[in-house]
1. Being β-branched (V, I, T) and within 30 Å of S258 (Cβ to Cβ), is that true of even one residue in segment 173-194?
2. Would you mention how many residues in segment 1-11 are open to solvent by less than 10 Å² (accessible area, probe 1.4 Å) and either within 30 Å of E324 (Cβ to Cβ) or within 7 Å of the ligand (Cβ to nearest atom) (or both)?
3. Identify, please: which residue in segment 117-153 is open to solvent by 30 Å² or more (accessible area, probe 1.4 Å), part of a helix (DSSP H, G or I) and among the acidic types (D, E) and is, among those, farthest from G210 (Cα to Cα)?
4. Every residue in segment 23-40 that is of a type outside the set (S, T, Y), surrounded by fewer than 24 Cβ atoms within 10 Å (Cβ to Cβ) and either more than 21 Å from I87 (Cα to Cα) or more than 7 Å from the ligand (Cβ to nearest atom) (or both), please.
5. From the set of residues in segment 208-225 that are touching a Gly at 6+ places or on another chain (Cβ under 8 Å) and aliphatic (A, V, I, L, M), which is surrounded by the fewest Cβ atoms within 10 Å (Cβ to Cβ)?
6. If you go through segment 216-241 one residue at a time, how many are within 14 Å of the ligand (Cβ to nearest atom), β-branched (V, I, T) and not in a loop (DSSP other than H, G, I, E, B)?
7. Take segment 90-105 and flag every residue that is of a type in the set (V, I, T) and within 11 Å of the ligand (Cβ to nearest atom).
8. Just name the residue that is farthest from the ligand (Cβ to nearest atom) out of those in segment 64-82 that are among the small types (G, A, S) and in contact (Cβ under 8 Å) with a residue 24 or more places away in the chain.
Amino acid sequence: MTSIVILGAGYAGMATAMSLAGRTRRRSDVRVTLVNGSDRFTERLRLHQIASGQELADLRIPTLLAGTGVDLVRGWVTGIDVHAKKIRVDDERVLPYDTLVYALGATADTGAVPGAGELAYTLDSAHDAATLARALPDLRTVAVCGSGLTGVEAAAELAERHPHLRVTLLGRQEPGARLTPKARSYLDAALARLGVQVRAGVEIEKVTPGGVEVADGATTEADAVLWTGGVRVSPLAAAAGLRVDAHGRIVTDAALRSVSHPSVYAVGDAAAVRQGYGTMHGTCQGGMPTGAHAAASIARELAGAAPKPFRFGYLHLPLSLGREDAVVQFTHPDDSPKRLYLTGKRAVWYKETVSSSPWPSFRRLFTSPAVGMLGWRRGGRYTR
Ligand SMILES: Cc1cc2nc3c(=O)[nH]c(=O)nc-3n(C[C@H](O)[C@H](O)[C@H](O)COP(=O)(O)OP(=O)(O)OC[C@H]3O[C@@H](n4cnc5c(N)ncnc54)[C@H](O)[C@@H]3O)c2cc1C
């Protein structure tokens, strides 16, 4: 019996599990186990919606796994022994593996400045997002720290849903810095219409009980702070002795195996995956293909064949601006912007289609694993 253990049932881990189950369903000598902290699937793409008080569909992982043969172990991974090939769950249970898939994702880097870890809210889990939502009715001001895509989506969602709130978005970069100038102007106008105050080009130094302090000594007063400034990964991989990059992500070879421990695959936000244009950054857009590719590679290895190199090119950068507006920037495979972008209702429809597609895609990856991979861009000359 070959035991394949997948750590993390987010976008990348679910894609791996479902695709692997589909590819090995005729084999009685392969056991696939998925370990996750919760049996509810976290739609990370929508956590800003929960933070603003919206209810999401109750997506249960066991429902999706029914009939696939994948065992779900509900618990927190607390250790990995790459020499003995064993996983520790909740400090007490031990799971042996032959092949490991590491898909533990990333969370907000609240260690970036003093005070963020103790005082700021995050969008790390549905629970964390809901904690902010519960506090909102009693607040007058919220500072969203981090002007990247997550910060922009969160600020817009909070401002639209809670017009009584004064929402300030702070960060180093201009909101939508990776968009074309025209798409960025649209974004700026949308944030202004929603009443979001933008303080870009600032270096956040500290989160305090009264708000946020920035490098020039100025303070933004806020009843609550939401931290979206950068991401960090679990220290488990580095602690296990797997080779990691400066951000703690597992460094992979072209087939997505750890360069130091080839029996470990790494996918999604927790992996440092090199492509011709550079190292991929964490997205669901790229995370699901890494998961499906790892599954295909493991199936090839089980059949005695060598895994193929992974190739991925970006397609778009979809950004919600509340529920009534959005902007979608189409991109070249290296994530640089094309001229084409969508705004308004068409962009809202596009973004919603993207956000709701993973759950049915997981099922397709089980029923027809090869077809399920067709929608993803390989990147053409950018990744050759
Ligand atoms: C508000 C927001 C909006 C976003 N919008 C977009 C978007 O529009 N498009 C896009 O492409 N990307 C978007 N992203 C990024 C995207 O969500 C991530 O890149 C994606 O979730 C990465 O998938 P993953 O499977 O690697 O990690 P995750 O989806 O985070 O899954 C990791 C899983 O592992 C579990 N886990 C972690 N540690 C442990 C442990 N020790 N033990 C057990 N289980 C554990 C977690 O609970 C989780 O279930 C957004 C992110 C946020 C926060």
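1. Residues of segment 173-194 β-branched (V, I, T): 180.
Adding the requirement that they be within 30 Å of S258 (Cβ to Cβ) leaves none.
No, segment 173-194 has no match at all.
2. Of the residues in segment 1-11, 3 are open to solvent by less than 10 Å² (accessible area, probe 1.4 Å) and either within 30 Å of E324 (Cβ to Cβ) or within 7 Å of the ligand (Cβ to nearest atom) (or both).
3. Top of the filtered list is D128.
4. R23, R25, R26, R27, D29, V30, R31, D39, R40
5. Looking at residues that are touching a Gly at 6+ places or on another chain (Cβ under 8 Å) and aliphatic (A, V, I, L, M), I get A222.
6. Looking only at that region, the number is 2.
7. V101
8. If we take residues in segment 64-82 being among the small types (G, A, S) and in contact (Cβ under 8 Å) with a residue 24 or more places away in the chain, then G69 is farthest from the ligand (Cβ to nearest atom).
The values are calculated or read from the model by the stated rules, or taken from the named source; none is laboratory data. Remember, predicted model here, so these are calculated numbers, not experimental data. We place every Cβ from the backbone using ideal geometry, glycine too, and count neighbours over all the protein chains shown. Calculation scope for accessible area: heavy atoms of the full protein, side chains included, ligands and nucleic acids excluded. Shrake-Rupley method; radii C 1.70, N 1.55, O 1.52, S 1.80 Å.
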